[in-house]
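Beneath this line is the structure, given in structure tokens, with notes to follow.
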Amino acid sequence: MAEKLREYNGYREDMEEADGEIFPFDEYLLTSYTYVNQLGETAVQYLYHAGYDSVVKETAHCGKVAYQNFDEGYILWNEDYVRYVCGEWNWVLDMRARDIGQWIKASVRRNGWQEDVVTHFLDGYNSVCPLLESEYAVVYGLMLYPGRFLKLVETYRSLPWEDRQEVDAAAWKELLEEELINMEEALRRYPQTIAQRYGAPVPHIDWFWRPADDKTDGVRDEASGE
């Protein structure tokens with residue numbers, strides 16, 4: 001996680017030192033920097049205080065979960081309705097809290113926050129092996145971390161300068177803005193949902209909260225103090 005944040009810092013430093021043209025997507029990434037960077041730093045600190053390292057050790061007996069980013073085609077059926085799991089080159093073996101956090105984020109990206117869908121998924125985990133109280137907070141920290149945003153910055157930074165002008169800045173910006181806005185709702189509602197249904201306290205982060213009809217630019221300005 002910290003490595004991705006350093007990558008974003010490196011990108012900003014590149015832009016400060018660049019003598020060439022600044023493309024539209026660069027402008028968006030630079031104006032988003034304070035908000036996204038603080039979001040990432042907050043997530044890292046949150047996970048530390050939530051006892052991330054302890055959760056890793058305490059849930060080691062649960063095995064490793066193969067998480068794949070639930071792209072279209074992840075599960076296929078043949079003509080006899082036999083299921084095949086594919087895309088194993090994208091699997092990540094990690095603890096179940098990461099699987100839960102990534103699954104919730106993928107669900108929110110597709111359909112927004114849906115409490116019944118999230119709790120149904122969590123109930124499935126709990127029916128096999130009940131989650132630790134501390135795991136719910138770790139899941140929240142993983143939801144808070146803007147990993148997809150930072151991954152895209154890493155991809156963009158690796159492009160040759162001449163190829164950056166070919167990037168569809170409007171489409172990339174819309175994709176990232178939509179994800180940030182959808183995750184804000186999930187991050188507001190997850191702690192209350194967990195407390196009411198499972199009785200587990202999840203400290204919430206409220207510095208990015210805003211009225212639903214405000215724009216993300218307003219959140220960035222508030223976070224940066226501008």
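Placing a label point 7 Å from the Cα of Q196 along the Cα-to-Cβ direction, the residues of segment 114-134 whose backbone N falls under 18 Å of that point are 114-123. Compared with the direct C-alpha span, the chain from D53 to E178 gains 41.9 nm at full extension, assuming 0.36 nm per residue.
Assuming R0 = 25 Å, what is the FRET efficiency of V92 and Q38, from their Cβ-Cβ distance, to the nearest 0.05?
Numbers: r = 26 Å, r/R0 = 1.04.
So, using R0 = 25 Å, E works out to roughly 0.45.
Subtracting the Cα-Cα distance of L76 and L30 from 0.36 nm times their residue separation leaves 12.5 nm of extension gain.
Straight-line cross-link partners of K64 among the aspartates and glutamates, defined as a Cα under 16 Å from its Cα and at least 8 positions apart when in the same chain: D53, E88, D94, D99, E135. A simple rule links phi to the HN-Hα coupling: the Karplus curve 6.51 cos²θ - 1.76 cosθ + 1.60 with θ = phi - 60°, which for segment 92-107 gives 10, 8, 7, 5, 5, 4, 5, 4, 5, x, 5, 5, 4, 4, 5, 5 Hz, with x for Gly and Pro.
Applying 1/(1 + (r/R0)^6) with r as the Cβ-Cβ distance of S127 and A170 and R0 = 41 angstrom yields a FRET efficiency of 0.40.
Each residue of segment 52-58 was assigned a 3J(HN,Hα) from its phi angle through the Karplus expression (A = 6.51, B = -1.76, C = 1.60, θ = phi - 60°), giving 3, 4, 5, 4, 4, 6, 6 Hz with x at Gly and Pro.
Would you mind getting me the FRET efficiency between A18 and R110? Use the beta-carbon distance for r and R0 = 45 Å, nearest 0.05.
Numbers: r = 36 Å, r/R0 = 0.80.
The pair A18/R110 has a calculated efficiency of 0.80.
Read the figures in this text as sums done on the coordinates, not as results from a lab. Note that the structure is a prediction, hence the values are computed from the model and not measured. Positions of Cβ are backbone-derived with ideal geometry, glycine not excepted, and every protein chain shown enters the neighbour counts.
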